[in-house]
Amino acid sequence: MSPMHVSRRGFLVGGATVVGGLALGVYFTQSKSPLPGASSGALQPNAWLQITPDNQVVFQLDKAEMGQGVFTSMPTIVAEELGIDPREIRVEQAPVHEQFQDPIQITGGSTSTNTRWDILRRTGAVAREMLIAAAAAKWGIPADECHAQQGRVHHKSSSRSLTFGELATSAATMPMPEEPRLKQPSEYSYIGQPLRRFDGVDKVTGAAIYGLDVSLPGMLNASLVRNPYIGGAIAQMDLSRAKSAPGVVDAFAISSGIAVVADTYWHAREAAQLVEVEWDKGAIAPGLDSASIRAAWVRMIRQEDGRVAHAAGNIQEAFEFATDVHEAVYETPYLAHATMEPQNATALFNGEECEVWAPSQSAQLVQTMISQALDLSPGRIRVHTTMLGGGFGRRAFPDFAVDAAEVARMLPKHPVKVIWSREDDTRHDRYRPASYNVLRAALDETGMVQGWAHKMVGPSILSQLLPYAASLAPGWIPDWLAGGLAGTAAWMLEDRDPTTHEGAAENPYGIAHFEARHIYHDPGIPIGFWRSVGHSHNAFITESFIDELAHKAEEDPYKFRRRLLGERRHAQVLNLAAEKAGWGKPRSGLHQGIAVHESFGSVVAEVAEIRMVGGKPEVERVVCAVNCGRTVNPDLVKAQMESGIIFGLSAAMKSGVQIREGAVVESNFHDYQLLRMAEAPDIEVYILDSSAPPTGVGEPGTPPIAPAVGNAIFAATGKRLRKLPFVLS
Amino acid sequence: MTTETISFVFNGKATSLDIDGQTPLLWAIRENIGLTGTKYGCGIGQCGACTVHLSGTAVRSCQLPVSAVQGQQVTTIEGIGDSAHPHPVQQAWIEANVPQCGYCQSGQIMTATALLARSPNPSDAEIKQAMNGNICRCGMYGRIRKAVHRAVELQAIGRDKLPAAARRFDPNDILVGGVS
């Protein structure tokens with residue numbers, strides 16, 4: 001897929017193309033609502049940037065910092081064009097504002113850099129030219145004799161300079177240039193450099209404030225008691241013992257369960273154990289377990305046709321005339337996000353307005369969901385975004401903010417912090433959806449792949465989430481949906497949801513006869529966006545199956561892929577990974593597996609090297625090559641690849657959510673295990689040189705690792721593992 | 001619940017809390033003392049985010065009742081160094097861009113500093129074993145290992161003998177990588 005530009009039709013949220021987007025010029029015209037933090041006398045070309053007369057350069061960061069580095073990379077882009085050291089910029093987490101809505105204000109889909117690349121450069125350049133115009137007017141000289149550097153406008157020949165602050169007020173009166181000059185990459189001082197991240201000092205000294213750290217005068221703390229049965233309700237409750245526990249202020253039911261509110265979280269949590277409650281299992285939970293879900297899918301995949309996501313050629317003929325058919329079943333589990341910081345939010349309700357502090361990936365969705373829950377207009381909900389202790393897509397669904405708002409509404413004028421325990425977090429996640437897949441390949445007499453059919457069954461993320469966004473502006477609903485009812489839209493999305501088949505429907509190997517089909521079935525387990533979304537399961541399946549076909553044709557898996565990829569840009573990335581890994585010549589005792597996958601506009605190839613120890617695979621090294629266009633900060637790109645690899649490897653080696661009797665089995669890190677230091681491979685990342693605009697980086701490192709490791713396991717043992725997590729008996 | 005008076009040295013200062021002795025040290029630090037650098041991740045000693053030093057030893061504060069620190073020394077992330085005077089481990093972390101989301105890093109740094117105090121030049125195997133109790137969901141394990149080795153170098157130079165740029169988080173020192 002091509003790199004995204006703000007001026008084009010859509011942008012990807014978790015892989016789904018949504019109609020919307022604004023032409024760049026709109027960002028510099030009158031905005032309907034006041035610009036954030038507007039102050040008199042300041043130069044404020046748009047919602048992102050403000051330069052005050054007292055020489056503060058303030059940047060509104062409209063993306064959530066969850067480790068991916070936007071707190072560093074976004075100001076770097078503006079600073080480069082503006083002409084100032086990016087560390088001089090004061091970065092503020094932006095409030096909800098219409099200029100940040102393209103079409104909604106959200107962080108996800110690996111879109112921050114590619115959707116902000118153009119607008120932030122222009123923003124810096126517009127401000128720079130207005131400041132220069134102001135200086136030129138003041139000095140009575142032509143503007144082209146001035147330049148901006150280190151926070152000042154300079155006139156070299158007369159050795160005069162003025163700070164941005166000294167020029168701000170008069171700059172604000174200058175005409176706004178429609179086509180500001182953007183720097184050439186050869187002029188970059190900061191973009192493309194491995195800068196140290198600007199939030200690093202706070203994060204190593206314990207000074208960074210995450211949602212869980214928010215502290216307000218008079219704040220109360222709440223612990224929740226929640227129904228373990230999915231979709232269940234409260235049948236009966238007795239809160240008298242909990243209410244008389246030390247420190248407790250009140251206890252009551254909210255939408256998601258029972259809240260116990262106390263002076264400290266510890267008191268609330270201890271008191272929560274005294275809540276007496278009888279749970280109504282509801283309609284979904286009875287008979288719901290992992291085995292019954294699987295049995296339903298095994299049956300459906302044979303009996304139903306589903307809907308075609310993508311097709312090429314004539315798949316029926318391909319199988320009719322095949323010399324040989326290779327078939328395999330692949331299965332992937334529900335997965336938890338397990339952000340290190342459990343979900344939480346703080347809210348203050350004064351009877352008419354609600355103020356919220358939340359570690360969310362979307363301040364706008366916090367507003368929207370609280371608006372729906374409290375029947376309050378979004379304009380009366382003020383949202384502050386804190387640092388996030390991990391996001392991975394979980395915090396794009398801010399149900400935790402609704403919890404806080406509902407508790408705050410019961411205790412007006414008291415700020416209340418709701419903290420989810422790790423158990424709450426593990427059992428009440430919105431999981432990465434599970435899937436059940438049948439892959440079939442039609443081979444001709446020479447072993448060449450003539451046909452590829454991928455049939456999958458599973459639920460639809462967008463169809464589950466759409467009803468929660470009902471109060472968002474109508475422009476968010478894609479063109480092809482008739483009517484406006486979110487429920488109707490959700491129903492219509494079920495088997496058209498691109499997040500189900502992304503990574504499976506693209507046919508990167510150009511197989512002549514191709515089909516990807518999705519059968520919709522939702523057992524009722526809450527699902528959501530999990531780092532790399534559909535790619536997280538489909539890449540495992542497609543890159544393992546292509547590997548099976550390579551081995552069946554008795555060809556080296558790297559060469560087999562390279563031959564089929566032809567001139568596609570995947571080939572360059574694959575070649576680089578293979579070269580750097582010394583493909584075909586692993587060190588003694590090691591076995592190699594390779595995979596290449598495109599997601600979120602970028603192509604990533606990974607070679608995993610494993611050693612079999614006591615019959616179990618240990619991943620010693622991963623070599624990663626990535627084409628993500630131009631990099632703003634190459635070290636942050638490498639860190640994101642390392643991060644995506646460990647995230648995917650953890651899932652591949654260790655994780656899966658089990659359902660039993662309608663409840664999630666796992667609860668904490670003893671049974672929902674994550675990859676630890678001792679199991680973490682050395683990782684080398686190689687970034688392809690590119691002058692194309694930046695493409696996604698947050699998620700693309702994850703999809704290739706599971707198949708790379710699975711392919712290495714096959715090379716080592718001859719066993720093809722088609723289920724995750726990998727279990728070698 | 002029994003309220004007791006727990007007297008101990010906290011980040012170098014004599015401190016006294018009137019508190020239910022069964023309160024986990026983690027929550028006493030966060031809610032009674034009011035320092036939030038020590039993090040809650042799991043509450044069952046499995047993730048390491050709550051790691052502090054108890055008289056020099058790394059412990060999981062979510063598993064320790066506050067009554068257990070009576071008469072002892074407790075050190076948190078706020079007590080081992082700050083932006084003006086970073087511990088060599090903090091300096092090494094900064095140089096290598098270790099933190100991503102950063103939520104686990106207080107715990108990682110407390111475990112690493114305790115490791116270096118007892119084993120000044122650990123091997124990769126020793127590091128892996130000592131730090132295996134600290135989960136990093138963002139996956140920065142490789143960077144952490146490298147940063148521990150770099151901290152060994154910085155520690156060998158001695159905090160007061162580091163060149164100016166390495167001793168402080170120097171505004172001129174902008175790029176990833178150590179000061180040689």
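The values are calculated or read from the model by the stated rules, or taken from the named source; none is laboratory data. Computed from a prediction, not measured in an experiment: that's the story for all the values here. Cβ atoms come from the backbone with ideal geometry, glycine included; neighbour counts cover every protein chain shown. Surface accessibility is based on the protein's heavy atoms, side chains included, excluding ligands, DNA and RNA. Shrake-Rupley method; radii C 1.70, N 1.55, O 1.52, S 1.80 Å.
Computed quantities for the displayed model
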| quantity | calculated |
| --- | --- |
| Residue match in region A:526-543 (condition: part of a strand (DSSP E or B) and surrounded by 19 or more Cβ atoms within 10 Å (Cβ to Cβ)) | yes |
| Odd one out for A:Asp202, checked against (1) within 14 Å of chain B (Cβ to nearest Cβ); (2) surrounded by 21 or more Cβ atoms within 10 Å (Cβ to Cβ); (3) under 24 Å from A:Arg395 (Cα atoms) | (2) |
| Among the candidates A:Ala235, A:Ala148, residue that is surrounded by fewer than 20 Cβ atoms within 10 Å (Cβ to Cβ) and outside any loop (DSSP other than H, G, I, E, B) | A:Ala235 |
| Residues satisfying the stated conditions in region A:660-669, i.e. touching a residue at least 40 places away in the same chain (Cβ under 8 Å) and more than 10 Å from every other protein chain (Cβ to nearest Cβ) | A:Arg660, A:Glu661, A:Gly662, A:Ala663, A:Val664, A:Glu666 |
| Complete set of residues in region A:156-188 that are small (Gly, Ala, Ser) and surrounded by 16 or more Cβ atoms within 10 Å (Cβ to Cβ) | A:Ser161, A:Gly165, A:Ala168, A:Ser170, A:Ala171, A:Ala172 |
| Conditions (1) surrounded by 23 or more Cβ atoms within 10 Å (Cβ to Cβ); (2) free of Cβ contacts under 8 Å to residues at least 24 places away in the same chain: number failed by A:Ala134 | (2) |
| Any hit, region A:275-289, residues being within 14 Å of another protein chain (Cβ to nearest Cβ), surrounded by fewer than 18 Cβ atoms within 10 Å (Cβ to Cβ), more than 30 Å from A:Arg517 (Cα to Cα) and touching a Lys or Arg at 6+ places or on another chain (Cβ under 8 Å) | no |
| Residues located in region A:670-681, provided they are in contact (Cβ under 8 Å) with a residue 24 or more places away in the chain and in contact with a helix residue (DSSP H, G or I) (Cβ under 6 Å, 6 or more places away or on another chain) | A:Tyr672, A:Leu674, A:Leu675, A:Ala680 |
| Residue within region A:355-364 that is out of contact with any Pro (no Cβ under 9 Å at 6 or more places or on another chain) and farther than 19 Å from A:Asp213 by Cα present | no |
| Residues of region A:151-180 classified as within 28 Å of A:Trp117 (Cβ to Cβ) and in a helix (DSSP H, G or I), total | 5 |
| Candidate set from region A:350-359 (those that are more than 14 Å from every other protein chain (Cβ to nearest Cβ) and open to solvent by less than 20 Å² (accessible area, probe 1.4 Å)); member that is farthest from A:Asp399 (Cα to Cα) | A:Cys354 |
| Residue that is surrounded by the most Cβ atoms within 10 Å (Cβ to Cβ) [pool: residues in region B:1-16 that are over 23 Å from B:Ala49 (Cα atoms) and among the aliphatic types (A, V, I, L, M)] | B:Ile6 |
| Subset of region B:1-21 that is assigned to a loop (DSSP other than H, G, I, E, B) and more than 9 Å from chain A (Cβ to nearest Cβ) - its residue that is farthest from B:Gln72 (Cα to Cα) | B:Thr2 |
| Verdict on A:Asp375 being without any contact (Cβ under 8 Å) to a residue 12 or more places away in the chain, acidic (Asp, Glu) and over 27 Å from A:Ser655 (Cβ atoms) | yes |
| Pick from region A:314-343, criterion part of a strand (DSSP E or B) and closer than 8 Å to A:Ala442 by Cα, ranking: nearest to the other protein chains (Cβ to nearest Cβ) | A:His326 |
| Residues (touching a residue at least 60 places away in the same chain (Cβ under 8 Å) and either surrounded by fewer than 19 Cβ atoms within 10 Å (Cβ to Cβ) or within 11 Å of chain B (Cβ to nearest Cβ) (or both)) located in region A:243-255 | A:Val249, A:Asp250, A:Phe252, A:Ser255 |
| Within region B:116-180, helices (runs of 4 or more DSSP H) holding 3 or more residues that are open to solvent by less than 50 Å² (accessible area, probe 1.4 Å) and at pLDDT 95 or above | B:124-131, B:141-157 |
| Among the residues listed as A:Lys654, A:Lys638, the single one being within 14 Å of chain B (Cβ to nearest Cβ), open to solvent by 10 Å² or more (accessible area, probe 1.4 Å), among the charged types (D, E, K, R) and out of contact with any strand residue (DSSP E or B) (no Cβ under 6 Å at 6 or more places or on another chain) | A:Lys654 |
| All positions within region A:370-382 that are assigned to a helix (DSSP H, G or I) and surrounded by 24 or more Cβ atoms within 10 Å (Cβ to Cβ) | A:Ile370 |
| Residue list for region A:181-228, filter: among the hydroxyl-bearing types (Ser, Thr, Tyr) and either under 19 Å from B:Ala84 (Cα atoms) or not in a loop (DSSP other than H, G, I, E, B) (or both) | A:Ser186, A:Thr205, A:Tyr210, A:Ser223 |
| Residues being surrounded by 21 or more Cβ atoms within 10 Å (Cβ to Cβ) and either among the basic types (Lys, Arg) or farther than 26 Å from B:Trp27 by Cα (or both) - total across region A:403-430 | 4 |
| Qualifying strands (runs of 3 or more DSSP E) (wholly inside region B:22-92; at least 1 residues being of a type in the set (D, E, K, R), open to solvent by less than 40 Å² (accessible area, probe 1.4 Å) and at pLDDT 95 or above) | none |
| Among (1) within 14 Å of chain B (Cβ to nearest Cβ); (2) under 32 Å from the mean Cα position of the chain (by Cα) - the single one A:Ala127 does not satisfy | (1) |
| Residue pairs meeting the criteria (Cβ under 9 Å; at least 6 apart or on separate chains; first in contact (Cβ under 8 Å) with a residue 12 or more places away in the chain and more than 12 Å from chain A (Cβ to nearest Cβ), in region B:101-121; second β-branched (Val, Ile, Thr) and open to solvent by less than 10 Å² (accessible area, probe 1.4 Å)) | B:Ala114/B:Thr51; B:Leu116/B:Val89; B:Leu116/B:Val148 |
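For every residue, the table says whether it meets (1) in a helix (DSSP H, G or I); (2) within 14 Å of chain B (Cβ to nearest Cβ); (3) at pLDDT 95 or above.
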site: A:Val619; (1), (2), (3): no, yes, yes
site: A:Cys624; (1), (2), (3): no, yes, yes
site: A:Gly629; (1), (2), (3): no, no, yes
site: A:Glu642; (1), (2), (3): yes, yes, yes
site: A:Phe647; (1), (2), (3): yes, yes, yes
site: A:Asp671; (1), (2), (3): no, yes, yes
site: A:Ile683; (1), (2), (3): no, yes, yes
site: A:Gly696; (1), (2), (3): no, no, yes
site: A:Arg720; (1), (2), (3): no, no, yes
